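Data block below; observations after.
The values are calculated or read from the model by the stated rules, or taken from the named source; none is laboratory data. The shown structure was predicted, so the numbers you read here are calculated from the model rather than taken from an experiment. Cβ placement follows ideal geometry from the backbone for every residue including glycine, while neighbour counts extend to all protein chains displayed. Just the protein is used for accessible areas: all its heavy atoms, side chains included, with ligands, DNA and RNA removed. Shrake-Rupley method; radii C 1.70, N 1.55, O 1.52, S 1.80 Å.
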Amino acid sequence: MKLGRNDPCSCGSGKKYKRCCMDSIAKQSAQVADDIAQVLAMSPNLSLDELNLVAQRKIDQRNHQPHAGFCGLTSAQMQNWLYAPLDELTDVTINTPSDLSGSPVMRYLALILDEAVQQGGSFKATVKGNLPAKLVKQASALLPEFAVAEFETVPSISEYMGSNEDKFNALHYTRVLAELTGIIYRKSGSYHVKKAAQKQYTEQGLQAFFVPMLNTAIKQYNWAYLDSWNDRVDLRTFWLFMLWRLQSHGSANRLTEEVGRAFPVLLDQLPVEEYFSSEQLLSSLIKSRFITRFLQFWGFVTAQPRLLYENESGLGEVKIQPLLQETFVFAV
């Protein structure tokens, strides 16, 4: 469907199309028009077909020219990374790791699936509709096996331990993803695993759900769900660019600078506050939504909370885990 001038821009900025990408496209079109005018001035006898060919070549040159603001990516590459489905992404290969034991999300999913399979395909939910205490306890016991355990010294405030699902963010996140992905569903006070999912689990193991769950985490799950930050800023569109940059240097603060430079409209969306700049607010969103409650939940990175969130600490260093490097292989 074609966007109207006053429609919300498809990039997720929250701005009207005419005030966002339409303006950028207009500037690019003007540049191409200038290039064509120069060609026409030098070769006034070109036919219409020849002019169309020149125009197409100029557009292709613009789209495939490295862009400094995109850290060397071309406009064509960025367009693909922002909007293409996972199976149509270019310059990156997404693999399903053979060993998922280091991923909290996938280990918690295995607990849910195993519990259901042992009880004939379903198990009782709590009165509030949460996962039963038995599963919560089993999930909490897994913390020492994860790389993030190095920094989880206070279990009472850990994302990876809890007395119930309401106080266990990583487990709750996993359950929500499993429902959105269509692996489990709640009916008549119980959680059921769909028969097709049971068959996949039996035949292919946990690996069968890695990419579908990842796709849900990126495309469907609301990243603002577990926090109280501004929900107008949707970082999901930019996830692959952020992943690529973070994997290359491991600095959360440098990542914020790169995102702000590549997508300045994000800074414009953030509210004006007395004590925090828009750059500081963007940094908090990236660290909480992208690093802490996406990459860490999946076991892709670890970051010491104090060093990640204290600006005076320097770079906000993030430790890249082997699971990330095995899953995402970039060719840029």
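Here are the numbers for the structure shown:
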{"read-out": "Debye, to nearest 20: dipole size of segment 221-332, +1 on Lys, Arg Cβ, -1 on Asp, Glu Cβ", "value": "360 debye"}
{"read-out": "Computed FRET value (nearest 0.05) for R254 with S163, which takes r as the C-beta separation and R₀ as 41 Å", "value": "0.60"}
{"read-out": "Cα gyration tensor, segment 178-253 - rounded (a/c under 1.5), prolate or oblate", "value": "oblate"}
{"read-out": "Three-way shape call for segment 177-221 based on the alpha-carbon gyration tensor, with the a/c threshold at 1.5", "value": "oblate"}
{"read-out": "Length added when fully stretched, A149-K187, from 0.36 nm per residue minus Cα-Cα", "value": "10.2 nm"}
{"read-out": "Of all accessible heavy-atom area on segment 91-243, the percent that carbon and sulfur account for (1.4 Å)", "value": "49 percent"}
{"read-out": "Probe 1.4 Å, protein heavy atoms only - accessible area per residue of segment 72-156 in square angstrom", "value": "47 Å²"}
{"read-out": "Difference of contour (0.36 nm per residue) and Cα-Cα distance, L82 to A141", "value": "17.5 nm"}
{"read-out": "Label point at K124 placed 7 Å out along Cα→Cβ; residues across segment 167-191 whose backbone nitrogen lies under 19 Å", "value": "185-191"}
